[in-house]
Structures are given as C-alpha cells and as structure tokens.
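The values are calculated or read from the model by the stated rules, or taken from the named source; none is laboratory data. These numbers come from a predicted model, not from an experiment. Every residue, glycine among them, receives a Cβ derived from its backbone with ideal geometry; neighbour counts consider all protein chains shown. Quick note on the areas: whole protein, heavy atoms, side chains included, nothing else; ligands and nucleic acids left out. Shrake-Rupley method; radii C 1.70, N 1.55, O 1.52, S 1.80 Å.
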Amino acid sequence: MGRKREFDVDQALDAALCVFWRKGYEGVSYTDLTQAIGVERPALYSAFGNKEALFRQVLARYYERYLDYFPAALELTTSREVVSHILYSAAELHTRYRDRKGCLGVHGALAGSDDAEPIRKALIDGRAEGEELLCDRFERAKQEGDLPETANCAALAAFVMAVIHGMAVQAKAGFSRDMLEAVAEQALSTWPTGSSTLPVESPPKP
C-alpha cells in the first residue's frame, strides 16, 4: 500500500494558487510551495508531479473559481452589457486581495525563461480562447443589430482583452478599484451601438 497523504489536496491547491498569484510562475520556488502547503518536497511530487503540472492544475482552478464572470457575461443581452460586466468584474477581482493584486494568468504570461515557455504558451492560448469567444459573441451582436454592420468584431474583442490585461498590470502596480472602474467607464464610453432596440440593462457592479 502506498503511503497515505498527510494533506488535503483541495487545500493544497488553494495554497499553491495564492502563491502563484502573488509571485507569478517563475517567481515561485519549490520552497515557497512546500512552505505554503505544509508538506515536504517528496509529498508534493507524489501528489502533483513537478511545478509545471501543479501550475496547470492551479490555473484550471483559477479559471473555474475566479473567472466565472466571463462566461456569465457572454449570456447577457447586449454587447455593451457583456463588456461592462467583464470590465467591472475584472476591476473587482484585480483589487480584491491585498496580497495578490492583478491577474494570475496575465502576470504569468508577461515574462519567462525558456524553461517556462510551455506555461507562457498555455496562458497565451487561454487568453486567445477568451478573445475568440468574445469575437463570436460580438458577431452575433452584429447580426442582431446590436452592433453596427461596419463593426470589426475581432478588433473589438482584442480591445476588450487589452483593457482587461492593462487593468491587471496597473492593479499590480497599485491602482485602486475606483481608478480601474474609471478606466472601464472610459472604455465603455466609446462602445459602438447598432440600430436594434434590444433592451439594455446595466448589470450591478460586483
């Protein structure tokens, strides 16, 4: 029989998530992880494999538990509501925790060594997937008349993602939630509108 693990896997993943969120993928050492989780390195290897494998599990957890506002936004009635919900939710999340400002995914993709390239690529692919979902949603909005026929949906999706990522970087640098919401409001002030009469409801801020 194998040796019984002396820690709770869910709690361990939560602890690792906080460390990676605070320090970024490359900034986290095995010592950081073992201290945060409260186990020796062999137990860490046994439960999760290497650092890359652990981060991939942490990232999936982050997407599911912290970025759930993104798929929820795609179900809203108008493209402006979609973008508003995403931007204000991002402003809230990026400033929610005093010890880990910004976005786990964005900070991890900004820089990295050759050894970390698979992780950087995974983060970039995740961002690209979100951008593609936004673009598809905006194409639907254009068909419904919610966006003008001349709207460049790919550019609009890239714009929204660029604002979100910029907000994450600024949060890491100390921007307040109020300032990030002001950035969101500025971005929304230029949002294009079509000729439809779809009902527009302002979603409550998170």
Using the Cβ atoms and a cut-off under 13 Å, what net charge is assigned to the surroundings of residue 131, where Lys and Arg are +1 and Asp and Glu are -1? -3
With every protein chain in place, what's the accessible area of residue 188 (1.4 Å probe, Å², nearest 10)? 10 Å²
Whole Å is fine, so just give me how far the alpha carbon centre of region 10-87 lies from that of region 140-182. 23 Å
Regarding region 62-189, what are the three Cα extents along the principal axes, ordered largest first, in Å? 45, 33, 24
Long-range amide H contacts for residue 103: which residues qualify at under 5 Å (H placed 1.01 Å from N, peptide plane, sequence gap of 5 or more or a different chain)? none
Solvent-accessible ranking of 31, 95, largest area first, probe 1.4 Å: 31, 95
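Averaging sequence separations of C-alpha pairs under 8 Å and six or more residues apart, then dividing by the length of the chain, give the relative contact order as a whole percent.
25 percent
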So, in nm, how far is label residue 61 from label residue 23 when the simple model puts each one 7 Å beyond its Cα toward the Cβ? 1.6 nm
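Calculate the FRET efficiency for residue 41 and residue 68 from the Cβ-Cβ distance with a Förster distance of 35 Å, rounded to the nearest 0.05. The partial results should precede the final answer.
Numbers: r = 33 Å, r/R0 = 0.93.
E(calc), rounded to 0.05, equals 0.60.
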Going by amide H atoms built from the backbone, whose H comes under 5 Å of the H on residue 147, apart from near neighbours? 142, 194
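With a length cut of 20 Å (Cα positions projected on each helix's long axis) and a Kyte-Doolittle mean of at least 1.0, go through the chain and give me the DSSP H helices that pass. Walk me through the numbers on the way to the answer.
Numbers: long enough: 9-23 (21 Å, 0.46); 51-66 (21 Å, -0.85); 79-94 (22 Å, 0.16); 117-143 (39 Å, -0.93); 153-172 (29 Å, 1.58).
Going by DSSP H runs, the hits are 153-172.
Given an 8 Å cut-off on Cα distances and at least 6 residues of separation, report the relative contact order of region 35-152 as a percent. If you can, show how the numbers build up before the last one.
On the way: 54 pairs, mean separation 23.5, N = 118.
Averaging sequence separation for qualifying contacts and normalising by length gives 20 percent for region 35-152.
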If R0 = 41 Å, then residue 50 and residue 143, at their Cβ-Cβ distance, give a FRET efficiency to the nearest 0.05 of 0.35
Two-site label geometry, residue 158 and residue 133: point separation in nm, points 7 Å out along Cα→Cβ: 2.1 nm
